[in-house]
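First up is the structure itself, then whatever we jot down about it.
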Amino acid sequence: MQAYELDSPERLRNHLARERLLYQPQADGQGALRWQRLDDPAQPFVVPAEPPVFSAKAFFFAEREALFRYENGRFIALVPEARPQVLFGLAACDLTAVAYQDRFFAVDPHYQARRAATLLVGLDCAHSCRHGFCAMMDSGPEVRAQTADLILCPLAQRWLLLVASERGAEVLAGLALQPAPADWAQQRDAQALQVAVEQGEQEEIALGCAALNGETVDSQAWEALGLRCLGCSGCTSVCPTCSCFAPLQQPSAGGVVQERVWDSCLYQGFQQEASGHNPGATPGQRVQRFWYHKFGEDFRQRFGRDGCVGCGRCDAVCPGGIGVHQVMKRIGEP
Amino acid sequence: MIDLTPRPLRLLEFYEDGEAARHFSFAVEPLAGEPAAQPGQFFMLAVPGVGEAAFTYVSPPDAEGRFSALIRRTGTLTAALFALAPGAVLGYRGPFGRGWPAAGPGERLLLVAGGCGLAPLAGVIDSAAGELQLIYAARNRAYQVLARERARWHERHALVETLDQGDDGRPQGHPLEALARVLDEDGLPAKVLCCGPEPLMLAVARGCIDHGLPASRIWLSLERRMHCGVGLCGHCYIGSSYACVDGPSYRYDEYLRLLAASGQAAATALPPQPC
Ligand code: FES
């Protein structure tokens with residue numbers, strides 16, 4: 001990987017923002033970080049201590065979007081108009097999730113139109129966030145090279161800029177940069193190791209995962225967890241790999257527009273059929289489903305890795321106290 | 001890339017074919033190079049202003065794109081469909097999913113259907129070259145579907161019909177007894193293909209296994225709520241599989257493996273309404 005030294009992330013950011021819409025995590029004024037459009041180049045880039053409330057998935061898999069319009073006996077495809085954009089400061093976990101969804105939505109024209117127009121600038125974490133366990137989920141702490149175009153690494157005295165794709169190299173044209181010192185890789189590795197140490201052993205995740213795949217968790221344990229599920233869809237909304245959607249028909253001038261909106265497998269009606277048959281009728285079944293999708297061995301085989309990237313957002317958002325750490329702890333208990 | 005936009009489909013005609021069920025003829029503009037629909041596959045039918053739902057073919061699209069489907073009025077989409085007159089424009093996407101396995105040369109098939117579950121098997125019966133037996137279970141005579149097809153099939157194949165409530169109000173045969181009799185008298189078929197309410201299918205599968213038929217020779221067609229038909233929306237899951245792309249036809253041993261790996265038990269309760 002080509003490596004440069006960088007005096008400030010803002011210099012790179014403002015260079016990239018010249019020809020693209022640029023988004024970065026910014027405080028929303030209510031105590032949370034959200035992905036927001038940069039409209040003032042004087043705005044500093046603040047390294048997030050905690051992940052933004054929502055991951056970057058909505059940039060590609062829109063929370064709500066039109067698929068087609070029906071008008072006068074014709075169906076007209078509505079493929080999004082994608083504008084060049086850059087996501088600046090994506091953590092390793094979120095980039096792994098983007099790579100996971102790239103694969104899942106490989107043939108979805110709506111997702112891919114936006115994805116093709118997007119440059120990804122990763123940001124190594126210098127410290128662990130509160131709930132994160134990316135080191136264990138093989139998605140961090142340092143950004144995986146094949147998941148980004150450019151990677152920023154904050155070291156004690158300086159910033160490193162790593163070129164991770166051809167596109168990443170191209171967009172640097174016109175930006176004067178000095179090569180990084182020879183030992184940059186060692187410094188970066190040492191920092192990543194430190195973050196992994198901060199995250200600790202994460203034994204409950206390992207035990208929970210083993211129990212889930214060892215088929216040793218009985219349905220009563222799941223139903224006990226299900227009692228605490230409010231069916232609020234908080235976890236599925238903030239989860240960077242959740243991808244379920246539902247159709248929605250909307251009347252429009254002279255016709256109907258078929259939209260799709262984020263859905264949640266925790267909703268009672270998710271699998272309800274017209275006949276009344278519901279294979280996921282109980283909350284416990286649905287909670288189990290969610291975690292099986294994240295940690296099940298069959299899914300790992302199918303999609304090349306676990307569906308969980310260890311960002312810990314479900315821990316932060318679940319009002320019932322059944323985020324990943326609590327669930328894994330309970331099902332992993334002997 | 002996949003296309004999530006339907007193609008226009010014309011409702012040509014329909015006739016009543018079982019209680020609250022209609023046999024529809026549709027026509028869709030054929031596409032060059034389009035794969036032919038196989039028995040057991042399905043399509044997504046769009047009713048503009050209402051939505052899309054999955055249905056199986058009774059007869060697959062011919063060279064002119066004409067095909068037929070048996071549809072029972074169950075929810076809002078089918079209610080809207082039943083209010084339409086011939087000539088109405090609908091939408092079509094498909095064919096989707098994995099259909100039934102083909103019968104090998106000289107193989108004898110045993111088909112077991114319950115209620116509307118006869119529809120996905122119609123293509124197998126109509127295209128059968130070899131020997132085929134059929135057990136058809138329905139709640140009562142009014143609920144039986146595909147009357148014209150059954151009349152035709154009776155002439156060529158061994159067809160046993162059972163009714164939970166016969167014309168005199170008493171049961172007329174029983175699908176599991178009929179199954180046991182066929183297996184006892186004629187021996188094990190090469191394959192059993194089964195489609196109906198899930199508890200019936202599971203009981204049939206168990207009955208076959210009790211008679212010594214390996215699970216790998218039993219196939220079930222699983223119904224799940226489907227929205228996209230292309231493995232993306234997530235609704236139709238069965239364990240780690242998606243019924244719209246990995247099914248709806250599942251080999252019974254594979255189905256059991258999927259359920260066990262995902263920690264789910266097979267459905268045993270009957271649905272509140274017959275299929
Ligand atoms: S119907 Fe959408 S995933 Fe199967």
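The values are calculated or read from the model by the stated rules, or taken from the named source; none is laboratory data. Being a predicted model, the structure only gives us computed values, none of them experimental. As a convention, Cβ positions derive from the backbone with ideal geometry for all residues, glycine included, and neighbour counts pool all protein chains shown. In case anyone asks, the SASA skips ligands and DNA or RNA and just uses the protein heavy atoms, side chains included. Shrake-Rupley method; radii C 1.70, N 1.55, O 1.52, S 1.80 Å.
FRET efficiency for the B:A32 to B:V89 pair, using the beta carbon distance and R₀ = 25 Å, is estimated at 0.70. Out of every Cα-Cα pair in the protein assembly as shown, what percent are more than 31 Å apart? Tail of the P(r) past 31 Å holds 56 percent of the pairs. 3J(HN,Hα) couplings calculated from phi for segment A:60-73 with the Karplus curve 6.51 cos²θ - 1.76 cosθ + 1.60 (θ = phi - 60°) are, in sequence order, 10, 9, 5, 4, 7, 7, 7, 9, 7, 10, 10, 8, 6, x Hz; Gly and Pro show x. Using just its DSSP H runs of length 4 or more, each adding -39500 (n - 2.57), chain B gives a mean residue ellipticity at 222 nm of -6000 deg cm²/dmol after division by all residues. Couplings 3J(HN,Hα) for segment A:253-261, derived from phi with the Karplus relation 6.51 cos²θ - 1.76 cosθ + 1.60 (θ = phi - 60°), are 3, x, x, 9, 10, 8, 10, 10, 10 Hz, where x marks Gly and Pro.
The order of B:S127, A:S165 by accessible area, most exposed first and with a 1.4 Å probe, is B:S127, A:S165. Under a 5 Å amide H cut-off, with hydrogens placed 1.01 Å from N, A:S252 pairs with A:V257 among residues at least 5 apart or on other chains. Magnitude of the charge dipole for chain B, about its Cα centre and with charges confined to Cβ atoms of Lys, Arg (+1) and Asp, Glu (-1), is about 420 debye. Taking all protein chains as shown and a probe of 1.4 angstrom, B:I238 keeps an accessible surface of around 0 Å². Built from the Cα atoms of chain A, the convex hull projects on average onto 19.7 nm², one quarter of its surface area.
Averaging over all projection directions, the Cα-based convex hull of segment A:2-199 occupies 12.9 nm² in the image plane. Counting only aspartates and glutamates at least 8 places from A:K57 when in the same chain, those with an alpha carbon closer than 16 Å to its own are A:E65, A:D94, A:D102, A:D108, A:D263. Here A:E10 sits with roughly 50 square angstrom of accessible surface, probe radius 1.4 Å.
Candidates A:G231, A:C318, A:M328 compared by Cα position along the dipole of segment A:231-334: farthest toward the positive end lies A:M328, with charges placed on Cβ.
Peptide A:294-306: average number of partner chain Cβ atoms within 10 Å per residue?
2
Cross-link partners for A:K329 among the lysines, with Cα-Cα distance under 23 Å and sequence neighbours closer than 8 places in the same chain left out: A:K294. The per residue volume of the convex hull around the alpha-carbon atoms of segment A:18-111 is 136 Å³. Volume per residue of the convex hull around the Cα atoms, evaluated for segment A:57-173, comes out as 121 Å³. Legend: residues in segment A:228-268 shielded by at least 30 square angstrom of accessible surface upon adding the remaining protein chains to the isolated chain (1.4 Å probe, heavy atoms) are A:F245, A:P247, A:Q249. Taken one residue at a time, the phi angles of segment A:104-109 give Karplus couplings (6.51, -1.76, 1.60, θ = phi - 60°) of 5, 9, 3, 10, 8, x Hz. Gly and Pro are set to x.
These residues, B:S221, A:S219, go from largest to smallest accessible area, 1.4 Å probe, as A:S219, B:S221. Maximal additional length on extending the A:V79-A:K329 stretch stands at 85.7 nm, based on 0.36 nm per residue less the C-alpha distance. To the nearest ten degrees, helix B:198-210 and the longest principal axis of the Cα atoms of chain B are 30 degrees apart. Working from label points 7 Å from Cα in the Cα-to-Cβ sense, the A:R64 to A:R18 distance is 3.8 nm. Taking amide H positions as modeled 1.01 Å from N, with prolines and chain starts lacking one, the residues under 5 Å from B:E13 and 5 or more places away or on another chain are B:S25. Taking all protein chains as shown and a probe of 1.4 angstrom, A:R69 keeps an accessible surface of around 70 Å². What you get for segment B:109-261, charging only the Cβ of Lys and Arg (+1) and of Asp and Glu (-1), is a dipole of about 360 debye around the Cα centre.
Set the Förster distance to 41 Å, then compute FRET efficiency between B:V245 and A:T216 from the Cβ-Cβ distance, nearest 0.05. According to the calculation, E is roughly 0.85.
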